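Undergrad: Okay, here's the structure, questions in a sec.
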Amino acid sequence: MLRIENLSFAYGAIRTLHQVNMVMEPKQITCVMGRNGVGKTTLMKNIMGTLQANSGKVWLAGRDVSHFPANRRAKAGIALVPQGRHIFPKLTVEENLRVGLEAREDRKRNIPDEVYDIFPVLKTMSRRYGGDLSGGQQQQLAIARALVGEPKVILLDEPTEGIQPNIIEKIGEVLRTLVSEKDVAVVIVEQFLDFVKEFGDSFYIMNRGTVVADGITKELTENLITKHLQV
Ligand SMILES: Nc1ncnc2c1ncn2[C@@H]1O[C@H](COP(=O)(O)OP(=O)(O)OP(=O)(O)O)[C@@H](O)[C@H]1O
Ligand SMILES: [Mg+2]
């Protein structure tokens with residue numbers, strides 16, 4: 001579904017990603033791991049197109065989207081739930097969700113009921129300002145906003161950061177249900193090992209802007225964890 005080929009990126013003169021290669025399959029949850037500052041968020045932005053790679057390619061369902069700006073990638077089926085959520089605080093929950101509809105290629109202008117079925121709290125709070133929601137509610141809103149666009153690939157950058165355990169569990173279950181029911185590839189940047197082991201299918205570990213290990217989550221050994229993840 002999503003293939004990243006030899007992708008490199010620099011912030012000005014600072015080389016941040018070097019020749020990254022990854023494959024994210026539909027119906028699977030792929031976890032991208034690594035310590036702080038190794039380039040995980042930078043990679044997500046390069047996939048979404050909010051940053052443009054210096055070299056390399058991003059393939060979506062066999063189509064080269066490398067030269068697309070972010071809005072075209074969104075229409076092509078890539079959605080990003082950014083680190084820190086970035087919902088619109090001065091828009092209501094419903095208005096935030098309407099923004100997600102912009103990514104749809106059809107002209108559908110109604111928020112699918114399905115989204116409220118998945119996150120009932122958003123129905124209850126549909127008229128409340130995004131900024132007045134709790135952190136966990138905002139994270140659910142950010143995920144829901146991505147889902148209303150019916151993406152082929154959904155990227156989530158540290159969705160469990162600062163979220164209480166029962167909401168973390170809920171998010172994991174929602175994503176598992178999503179991949180079991182739809183042909184969507186879920187990509188999660190995650191530092192919380194228990195979450196990766198419970199909900200992930202495969203993993204990539206990054207270090208200094210490059211992939212240093214990958215496999216299925218069952219193969220995530222203590223050795224790899226000590227070497228690349230523990231601080
Ligand atoms: N806009 C920017 N300009 C210059 N350097 C940046 C910019 N954004 C990030 N960096 C640097 O690029 C490197 C990778 O940052 P990035 O945010 O991708 O890391 P990360 O793996 O997501 O970290 P974290 O786990 O803390 O979220 C870091 O050294 C960071 O300081
Ligand atoms: Mg980050």
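The values are calculated or read from the model by the stated rules, or taken from the named source; none is laboratory data. What you are looking at is a predicted structure, and each value in this text was computed from that prediction instead of being measured. Note: ideal-geometry Cβ built from the backbone for every residue, glycine included; neighbour counts use all protein chains shown.
Undergrad: Look through the range 4-41, keep the residues that are part of a strand (DSSP E or B), near ligand 1 (Cβ under 9 Å from one of its atoms) and hydroxyl-bearing (S, T, Y), and return whichever of them is nearest to L175 (Cα to Cα).
TA: Out of the qualifying residues, it is T16.
Undergrad: Another question, then. Could you pull out every one of the strands (runs of 3 or more DSSP E) wholly within the range 150-208 that has 1 or more residues that are polar (S, T, N, Q)?
TA: Working: elements: 153-157, 185-189, 202-207.
The strands (runs of 3 or more DSSP E) meeting that bar are 202-207.
Undergrad: Could you check the range 65-81 and list, in sequence order, the residues that are over 15 Å from M22 (Cβ atoms) and in contact with a Lys or Arg (Cβ under 6 Å, 6 or more places away or on another chain)?
TA: Passing the criteria: only G77.
Undergrad: Suppose we filter the range 43-70 for residues that are assigned to a helix (DSSP H, G or I) and free of Cβ contacts under 8 Å to residues at least 12 places away in the same chain; how many remain?
TA: Initially, the range 43-70 is screened for residues assigned to a helix (DSSP H, G or I), giving 43-48, 70.
From the residues that got through so far, the ones that are free of Cβ contacts under 8 Å to residues at least 12 places away in the same chain too are none.
So the count comes out to 0.
Undergrad: Sticking with this one: Going by the structure shown, is G84 at pLDDT below 95, surrounded by fewer than 20 Cβ atoms within 10 Å (Cβ to Cβ) and assigned to a loop (DSSP other than H, G, I, E, B)? Can you show your working first?
TA: Numbers: at pLDDT below 95: yes; surrounded by fewer than 20 Cβ atoms within 10 Å (Cβ to Cβ): yes; assigned to a loop (DSSP other than H, G, I, E, B): yes.
Here the answer is yes, as G84 does meet what is asked.
Undergrad: I've got another one for you. I need the full set of residues from the range 103-113 which are touching a residue at least 12 places away in the same chain (Cβ under 8 Å) and loosely packed, with under 12 Cβ neighbours inside 10 Å, in order please. First the steps, then the outcome.
TA: Quick first cut of the range 103-113, residues touching a residue at least 12 places away in the same chain (Cβ under 8 Å) only: 103-105, 111-112.
The answer is E105, and nothing else.
Undergrad: Quick check on my filter: what residues within the range 49-97 are of a type in the set (K, R) and over 17 Å from E25 (Cα atoms)?
TA: Taking the range 49-97 as the starting set, the residues that turn out to be of a type in the set (K, R) are 57, 63, 72-73, 75, 85, 90.
R72, R73, K75, R85, K90, listed by residue number.
Undergrad: Scanning the range 28-46 for residues that are surrounded by 20 or more Cβ atoms within 10 Å (Cβ to Cβ) and touching a helix residue (DSSP H, G or I) at 6+ places or on another chain (Cβ under 8 Å), which turns out farthest from G100 (Cα to Cα)?
TA: Step by step, filter the range 28-46, then rank; the result is G34.
Undergrad: Still on this model: Consider R73 carefully, then state whether it is touching a Leu at 6+ places or on another chain (Cβ under 8 Å), under 17 Å from L2 (Cα atoms) and part of a helix (DSSP H, G or I). Explain how you work it out, then say what you get.
TA: Details: touching a Leu at 6+ places or on another chain (Cβ under 8 Å): yes; under 17 Å from L2 (Cα atoms): yes; part of a helix (DSSP H, G or I): yes.
Spelling it out, R73 is indeed touching a Leu at 6+ places or on another chain (Cβ under 8 Å), under 17 Å from L2 (Cα atoms) and part of a helix (DSSP H, G or I).
Undergrad: Here is a follow-up. Within the range 139-155, does at least one residue satisfy the condition of being touching a Pro at 6+ places or on another chain (Cβ under 9 Å), closer than 28 Å to D183 by Cβ and among the polar types (S, T, N, Q)?
TA: Applying the first criterion (touching a Pro at 6+ places or on another chain (Cβ under 9 Å)) to the range 139-155 yields 139, 142-143, 147-148, 150, 152-153, 155.
Adding the requirement that they be closer than 28 Å to D183 by Cβ leaves 139, 142-143, 147-148, 150, 152-153, 155.
Within this subset, residues satisfying the condition of being among the polar types (S, T, N, Q) are 139.
Yes, the range 139-155 contains a residue that is touching a Pro at 6+ places or on another chain (Cβ under 9 Å), closer than 28 Å to D183 by Cβ and among the polar types (S, T, N, Q).
Undergrad: Whether any residue in the range 3-13 is under 17 Å from A213 (Cα atoms), within 16 Å of ligand 2 (Cβ to nearest atom) and of a type outside the set (F, W, Y) is what I want to check. Spell out how you get there, then give the answer.
TA: Just the residues of the range 3-13 that are under 17 Å from A213 (Cα atoms), to begin with: 3-7.
Then keep just the ones that are within 16 Å of ligand 2 (Cβ to nearest atom); that gives none.
Looking through the range 3-13, none of the residues is under 17 Å from A213 (Cα atoms), within 16 Å of ligand 2 (Cβ to nearest atom) and of a type outside the set (F, W, Y).
Undergrad: Right, here's the next one. Any chance the range 214-230 includes a residue that's at pLDDT 95 or above and either part of a loop (DSSP other than H, G, I, E, B) or surrounded by 21 or more Cβ atoms within 10 Å (Cβ to Cβ) (or both)?
TA: No - not one qualifying residue is present in the range 214-230.
Undergrad: Any residue at all in the range 133-144 that's within 30 Å of N54 (Cβ to Cβ), touching a helix residue (DSSP H, G or I) at 6+ places or on another chain (Cβ under 9 Å) and modelled with pLDDT of 95 or more? Lay out the reasoning, then the answer.
TA: Within the range 133-144, the first condition is being within 30 Å of N54 (Cβ to Cβ), and the residues that meet it are 142.
From the residues that got through so far, the ones that are touching a helix residue (DSSP H, G or I) at 6+ places or on another chain (Cβ under 9 Å) too are 142.
If we keep only those that are modelled with pLDDT of 95 or more as well, we get 142.
Within the range 133-144, one or more residues are within 30 Å of N54 (Cβ to Cβ), touching a helix residue (DSSP H, G or I) at 6+ places or on another chain (Cβ under 9 Å) and modelled with pLDDT of 95 or more.
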